[in-house]
Amino acid sequence: MEKVDHIGIAVKDLDAVLPYYTDTLGIPLLGIEEVPTQGLRVAFLDAGNVKLELLEPAAETSAVAKFIEKRGEGVHHIAFGVTGIRERMDELRENGVRLLSDGPVPGAGGAQVAFMHPKSSYGVLYELCDKSGNQE
């Protein structure tokens, strides 16, 4: 893993919580985008050494909607920046780590992403996030 790329935070209503982050905490908003493949609306915030990714479910069937229903709003995942995501996935599998998908899937910001099952990561949902544009 190269670095912590971002911390994903599940929220019920992006428009309602965004002023807390931008006005109260003074964290600059980088942008908002829809991620239809994940059923999400996402806001990116620049917290200096790490980005925050606010995740609002756009569909009741999305993984984030299920997370909020079960656990409430809060930290959803920690994302590690990687290059060569397929190779990293293979290495993790070889080391007994269970992944939530067979291959990378499109994520926010043009990244290819994959998640490690929390049962393989001592209860933490980790994301591999490859923004290199070279996922082979």
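The values are calculated or read from the model by the stated rules, or taken from the named source; none is laboratory data. Nothing here was measured: the structure is a model prediction, and the numbers come from that model. Note that each Cβ is placed from the backbone with ideal geometry, even for glycine, and that neighbours are counted across all protein chains shown.
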Qualifying positions in segment 33-52 - of a type outside the set (Phe, Trp, Tyr), surrounded by 15 or more Cβ atoms within 10 Å (Cβ to Cβ) and in contact with a Leu (Cβ under 8 Å, 6 or more places away or on another chain): Leu40, Arg41, Val42, Ala43, Leu45, Lys51, Leu52
Complete set of residues in segment 2-43 that are in a helix (DSSP H, G or I), closer than 21 Å to Tyr126 by Cβ and not β-branched (Val, Ile, Thr): Gln38
Answer residue from segment 97-128, given it is assigned to a strand (DSSP E or B) and hydrophobic (A, V, I, L, M, F, W, C) and is nearest to Pro36 (Cα to Cα) among those: Val105
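Does Ala79 fit the bill of being of a type in the set (Gly, Ala, Ser), modelled with pLDDT under 95 and within 18 Å of Ile7 (Cβ to Cβ)?
On the way: of a type in the set (Gly, Ala, Ser): yes; modelled with pLDDT under 95: no; within 18 Å of Ile7 (Cβ to Cβ): yes.
No.
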Test result for Asp13, out of contact with any Pro (no Cβ under 9 Å at 6 or more places or on another chain) and either crowded, with 17+ Cβ neighbours inside 10 Å or in contact (Cβ under 8 Å) with a residue 40 or more places away in the chain (or both): yes
Near pairs, Cβ below 7 angstrom, 6+ apart or cross-chain, from segment 68-82 (without any contact (Cβ under 8 Å) to a residue 60 or more places away in the chain) to any residue that is part of a strand (DSSP E or B) and buried (at least 19 other Cβ atoms within 10 Å of the Cβ): Ile68/Ala10; Ile68/Pro57
Residue ID - surrounded by the fewest Cβ atoms within 10 Å (Cβ to Cβ), chosen from residues in segment 53-68 that are closer than 15 Å to Val17 by Cα, in contact with a strand residue (DSSP E or B) (Cβ under 6 Å, 6 or more places away or on another chain) and not acidic (Asp, Glu): Ile68
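Name the one entry in Pro106, Pro57 that is touching a helix residue (DSSP H, G or I) at 6+ places or on another chain (Cβ under 8 Å), at pLDDT below 95 and under 29 Å from Pro28 (Cα atoms).
One residue alone meets the criteria, Pro106.
Of the residues Arg93, Arg71, Arg88, which single one is more than 19 Å from Lys12 (Cα to Cα), surrounded by fewer than 15 Cβ atoms within 10 Å (Cβ to Cβ) and among the basic types (Lys, Arg)?
None of the other options fit; the residue is Arg93.
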